[in-house]
Amino acid sequence: MVKQMKRNYPWLLCFLALACLLAATPVAALDIPSIAPAEVKKMIEAQGTDFLVVDVQPKEVYEEGHVKGAVSFPWETELKNSGNLPKDRTLILYCDCAHEEDSIDTATQLVEKFGYKNVKLLEGGWSKWQQLGYPVDKK
């Protein structure tokens with residue numbers, strides 16, 4: 001039996017190493033759908049009430065300018081609550097991050113922790129919105 005264990009020992013080590021590697025690999029974020037800025041602009045112009053645009057940038061940045069009609073919901077590493085964000089409307093989140101990481105993280109937390117079902121990301125975020133010259137509010 002000892003000989004058999006010695007023979008299988010390298011395989012056991014490989015198996016344990018693979019198990020440790022897999023355990024250390026982060027789980028992929030949810031696949032949050034995106035929405036084109038032109039589509040959001042049309043929704044805003046139509047004055048629809050079935051959606052809400054959500055700016056996840058810091059409050060100071062929001063006050064300097066934001067998508068017309070957007071509400072401020074600054075990104076946090078760990079959301080403690082979902083604020084007053086409605087669950088019966090499509091939430092369209094945006095930030096000004098290079099890879100929309102704050103929007104993605106906030107959307108993932110809203111879905112996983114608070115049960116939101118209809119959350120989307122604004123393609124290109126705040127930078128793209130401004131680049132296109134679309135409606136902006138300032139507070």
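The values are calculated or read from the model by the stated rules, or taken from the named source; none is laboratory data. Here the structure is a predicted model, which is why all the values come from computation and not from measurement. Note that each Cβ is placed from the backbone with ideal geometry, even for glycine, and that neighbours are counted across all protein chains shown.
Summary of computed values
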| read-out | value |
| --- | --- |
| Wholly enclosed helices (runs of 4 or more DSSP H) of the range 20-120 bearing at least 3 residues over 18 Å from TYR134 (Cα atoms) and free of Cβ contacts under 8 Å to residues at least 60 places away in the same chain | 101-114 |
| Which listed residue, of LYS138, LYS128, is surrounded by fewer than 19 Cβ atoms within 10 Å (Cβ to Cβ) and over 21 Å from PRO33 (Cα atoms) | LYS138 |
| Residue that is surrounded by the most Cβ atoms within 10 Å (Cβ to Cβ) [pool: residues in the range 40-85 that are under 20 Å from SER127 (Cβ atoms) and among the polar types (S, T, N, Q)] | GLN57 |
| Checking THR106 against (1) modelled with pLDDT under 95; (2) buried (at least 21 other Cβ atoms within 10 Å of the Cβ); (3) polar (S, T, N, Q), the condition it does not meet | (1) |
| Qualifying residue in the range 110-117 (condition: surrounded by 13 or more Cβ atoms within 10 Å (Cβ to Cβ), among the aliphatic types (A, V, I, L, M), more than 19 Å from GLY69 (Cβ to Cβ) and out of contact with any Phe, Trp or Tyr (no Cβ under 6 Å at 6 or more places or on another chain)) | yes |
| Count of the range 100-127 residues which are closer than 16 Å to GLU78 by Cβ and touching an Asp or Glu at 6+ places or on another chain (Cβ under 6 Å) | 0 |
| Residues (on the phi < 0 side of the Ramachandran plot, surrounded by 13 or more Cβ atoms within 10 Å (Cβ to Cβ) and not hydroxyl-bearing (Ser, Thr, Tyr)) located in the range 88-100 | ARG89, LEU91, ILE92, LEU93, CYS95, ASP96, CYS97 |
| Number of positions in the range 121-139 that are closer than 21 Å to LYS59 by Cβ and assigned to a helix (DSSP H, G or I) | 5 |
